[in-house]
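Peer 1: Dropping the structure in here first, questions after.
A short reminder: the numbers here are calculations on the coordinates, not readings from a lab. In this text, all values refer to a predicted model and were calculated from it rather than measured experimentally. No Cβ is skipped: glycine too gets one built from the backbone with ideal geometry, and neighbour counts run over all protein chains shown.
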Amino acid sequence: MKQCSVCKTTYTDATLKFCLADGANLISVPDAEKTMAMSSGNNQMRANVPPDSVPTVFPATRINQPTRKGVSPLIVAMLCLIFLLVAGGLIGFASYVWFKPGTDKNLTAANSAALTPAVSPTLDKENAELKQKLANLEKQVADQKNQRKNTPAETLSTPNSSLPTTERTARANSPGDGFLALRSEPNSETGYRIAKIPHGATVTVLNCPKPSNIGKMAGHWCQVNYNGQAGWAFDVFLTF
């Protein structure tokens, strides 16, 4: 006979090694001695128990119980690491979206509409006029370039014979820009720039027939020659 070391359950099957109730080891115990029936005699405190009332002990049946296996600590650590990586990625993405440059989460639609400047009809009209003037200037420049291509080169280098010729030399005096513009016409707006005369360079002044103003500066447009190129320069920027 075998008995469980924990719950004290007894088994008559000698092939069992573990308790069917809690899986504990079974230990061998001596068989119980047969109960001897004794006559009650005059002893009124003793009662004979009939044999049919004694419980019968049936041999235990072996049941294949699944083996309990614990979760590996390595698997638990890997799951924790994956969870931390996923959580960190989600937090980083949310932070990037929330603190993304150029966005203001506290700016409502009403504030956005209030900050948007209203375009007045007067401003649209002024912009249209400026665009028209710019288009006219571009057209004038293009016409002058075409005219220059169709004009012989000798025309610019030949002085006007109807004007008195007082040929003399002068030096370009334009320290601010570093150069003096040599223009095709005696006009700073319509005359295009032929060349840049460096500051301090010597030019030959042919004549200065036309008084004019550039902004608040009053002077004369002079016909000059620089390195074989004839054109016009404003004498305010010339030192004679």
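Peer 1: Near the amide H of L238, under 5 Å away, which other amide H atoms are found, from residues 5 or more places off or on another chain, if H is placed in the peptide plane?
Peer 2: Correct list: N173.
Peer 1: Report the extension gain between A87 and A128 in nm, rounded to one decimal, defined as 0.36 nm multiplied by the number of residues separating them, less their alpha carbon distance.
Peer 2: Fully extending the segment from A87 to A128 adds 9.1 nm.
Peer 1: Full-extension gain between K216 and I27, please, as 0.36 nm times their residue separation minus the C-alpha to C-alpha distance.
Peer 2: 55.7 nm
Peer 1: Of the listed peptides 203-216, 12-25, what is their order by residue-averaged count of other C-beta atoms within 10 Å, with the highest listed first?
Peer 2: Final packing ranking: 203-216, 12-25.
Peer 1: Another question, then. Which cross-chain or sequence-distant (5 or more) residues have an amide H under 5 Å from the amide H of S212, H modelled 1.01 Å from N in plane?
Peer 2: Placed amide hydrogens put G219, H220, W221 under 5 Å from S212.
Peer 1: Given H placed 1.01 Å from N in the peptide plane, which residues other than close sequence neighbours of T9 have an amide H under 5 Å from its amide H?
Peer 2: Here C4 satisfy the definition.
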